[in-house]
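In what follows, a structure is listed as structure tokens, so that the remarks can point back to it.
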Amino acid sequence: MQSGTEIDQLWRPSQWTNAFYFLVGAVALVIGIVAVIKGLETGIPWAEKMAHSVWVGGLMLILWKYLEIRCTHYQLSAEQLTATHGGLNRLTDNLELYRIKDTQVFEPIWLRLMGLGNVCIHSSDKTTPILMVRAIPKPMDMASLVRRQVEAERVRKGVREFD
């Protein structure tokens, strides 16, 4: 982070949000590999093909969920908060800081155990009235930083928020 108004902070969600999918994919991967080995031993051709589908499906699930989180990031600049999602089709949403009304921090127990949390940002933006920043480290720090930047941007632009 730089000093002054030229702030540039980047957050990425944690892969811990994919723990369930990684577990399911790993189980499918192991079952599929064991079934391939057993299918080769028994000589049943359709069992081998089905077993290949199971382990390939498990591997694809793991890779897809990994890339889904890996291609998501949130960036705070002096004037806006940018959320980028998507691996194949990318969506970038720019939220002007002076439009942010409120922030909430959610720390479910399973994320809190890993030092992570979610930050919910409420705004008056038409396209993104609620932006959920998921599974980031030190969510309270992010919420405080956003709040400070929102106030600084409102003062700089001479804007006040009305309900």
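All of the numbers you see were taken from the coordinates with simple rules; none came from a lab. These numbers were taken from a predicted model, which means no experiment stands behind them. Backbone-built Cβ (ideal geometry, glycine too); neighbour counts: all protein chains shown.
The modelled label-to-label distance between residue 132 and residue 93, using points 7 Å beyond Cα along the C-beta direction, is 1.1 nm. Suppose we look only past 22 Å in the calculated P(r) of the chain. What percent of the Cα-Cα pairs does that tail hold? Roughly 55 percent, once rounded to a whole number.
Please give the helix 19-42 orientation as an angle from the longest Cα principal axis of the chain, in degrees from 0 to 90, rounded to the nearest 10. Around 10 degrees separate the two axes. The aspartates and glutamates within cross-link reach of residue 138, meaning a Cα-to-Cα straight distance under 16 Å and a gap of 8 or more places when in the same chain, are 107.
Mind checking which aspartates and glutamates have their Cα closer than 14 Å to the Cα of residue 49? Skip sequence neighbours fewer than 8 apart in that chain. Within the straight-line cut-off, residue 49 pairs with 41. Helix 139-157 and the longest principal axis of the C-alpha atoms of the chain enclose an angle of approximately 40°.
Place a label point 7 angstrom from the Cα of residue 71 along the Cα-to-Cβ direction, then list the residues of the stretch 114-135 whose backbone nitrogen is under 14 Å away. Within reach of a label on residue 71: no residues. By the rule of a C-alpha distance below 17 Å, with chain neighbours fewer than 8 residues away ignored, the lysines paired with residue 126 are 101.
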